[in-house]
Structures are given as structure tokens and as C-alpha cells.
Amino acid sequence: MEDLKQIIKECAKADVRAQEQLYRLFAPKMFGVCLRYSRDKTEAEDNLQEGFIKVFTSIKGFRHEGSFEGWMRRIMVNVSLEKFRKQQLMYPVEDVTIYEGQQFSNDILANISAQELTVLIQELTPRYRMVFNLYVIEGMSHEEIGKEMNISSGTSKSNLARAREILKSKVKALYGGLDKNNTA
């Protein structure tokens, strides 16, 4: 932990070796974060590079309060959100009430590996993927997602509901409609 503090201090002084060390320490994990919010591997690599540039230019502002990894993760998510905003036009869903009362079971996910689920999430449309990841992975509220993506919280809710339905149907299709209690 002291080593990380020293690396951070050296990065704040624009030490290239320290920046390389920091990159090697966190790039694999941060690439995973970027991949969740990107269309493909190439876009994730671009977001990772842009994210590290922001980390290196902002590292002087890190106050050593809380997790450095969490601080860096937030930068990576923000870079991905910025790119998403530039690329996407948002169309609000007119009748969000059809999604508000629905409850979804997570039992279906018991049959699928994390890698398979990641592939299915990558297949979602960018808007659904973004809302799904921000809500499920980052733990943001619909109000926070709405502010970040310039959409209403109702649109965020409906996008999440639709993403879950799409994922559920893809998992059912993948496993032939069998759930974990059905052995036939």
C-alpha cells in the first residue's frame, strides 16, 4: 500500500516510470471496466488510453481519501459516458409505466457463467448496455443515471427493464428455455 502511495506521488510529479508502473498495475482491471461500457475491444482500448491520460493529468487532485482504484474506476466510467453521449442520440420512451411495476427474477442467471453473461451484455444496444452497467455494476440510482446520460429517470428504468428482458430471453434461448429446477 505504501508502494502505491509512492507511485501516486511520483505520477503527480509526471515521472514517466511511475506512470508506467501505475498503468501496469491497473490497466487489466480498468480495461475490464471500459469493456463493459464499450461496443467492442477497440473502443474499450481507446477509452482505457483516454482514461489513463485523464488519470495522469488529474492525479495531483487525488486526496488519498478512499480507494484510489475507485477514483480511477470512476474516471474510466466517465470517459466511457462522455464517448457514449457524443455518439448516441437519446430517444425517450413514451410510456414508461408498462415497465415500472414489473419484477424480474435473477434465478435464470444461475445457469450462466460470468464470461457468457459479459458477452450477452456486450450484445445489448449501447443505450441499454450503458444503463444496465451503471445500475447493476456501478450501483447508481435511476436519478443519477438520468443526470449522467441526460435522460429522465423513467427512461432509465424502462431501458433497464428492457435490457433485463433482452438478457433473460437470450439466456433462455442459449439454454433452450430450461431453468435450474427443470432437468428435462
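The values are calculated or read from the model by the stated rules, or taken from the named source; none is laboratory data. A quick note: this is a predicted structure, and the numbers were derived from the prediction, not measured. For neighbour counting, all protein chains shown are included, and Cβ atoms are generated from backbone atoms with ideal geometry for every residue, glycine included.
If you go through segment 32-52 and keep only what is modelled with pLDDT under 95 and under 17 Å from GLN19 (Cβ atoms), you end up with nothing.
Yes or no, residue by residue, for (1) touching a Leu at 6+ places or on another chain (Cβ under 6 Å); (2) modelled with pLDDT of 95 or more; (3) farther than 16 Å from ALA12 by Cα:
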{"residue": "LYS54", "(1), (2), (3)": "no, yes, no"}
{"residue": "LYS60", "(1), (2), (3)": "no, no, no"}
{"residue": "HIS64", "(1), (2), (3)": "no, no, no"}
{"residue": "ARG74", "(1), (2), (3)": "no, no, yes"}
{"residue": "VAL79", "(1), (2), (3)": "no, no, yes"}
{"residue": "LYS83", "(1), (2), (3)": "no, no, yes"}
{"residue": "GLN88", "(1), (2), (3)": "no, no, yes"}
{"residue": "THR97", "(1), (2), (3)": "no, no, yes"}
{"residue": "GLU100", "(1), (2), (3)": "no, no, yes"}
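Counting only residues that are modelled with pLDDT of 90 or more and more than 17 Å from the chain's Cα centre (by Cα), which one in segment 163-180 is surrounded by the most Cβ atoms within 10 Å (Cβ to Cβ)?
Taking segment 163-180 first, the residues modelled with pLDDT of 90 or more are 163-166.
Still in the running and more than 17 Å from the chain's Cα centre (by Cα): 165-166.
Details: GLU165: 14, ILE166: 17.
Checking each candidate, the answer is ILE166.
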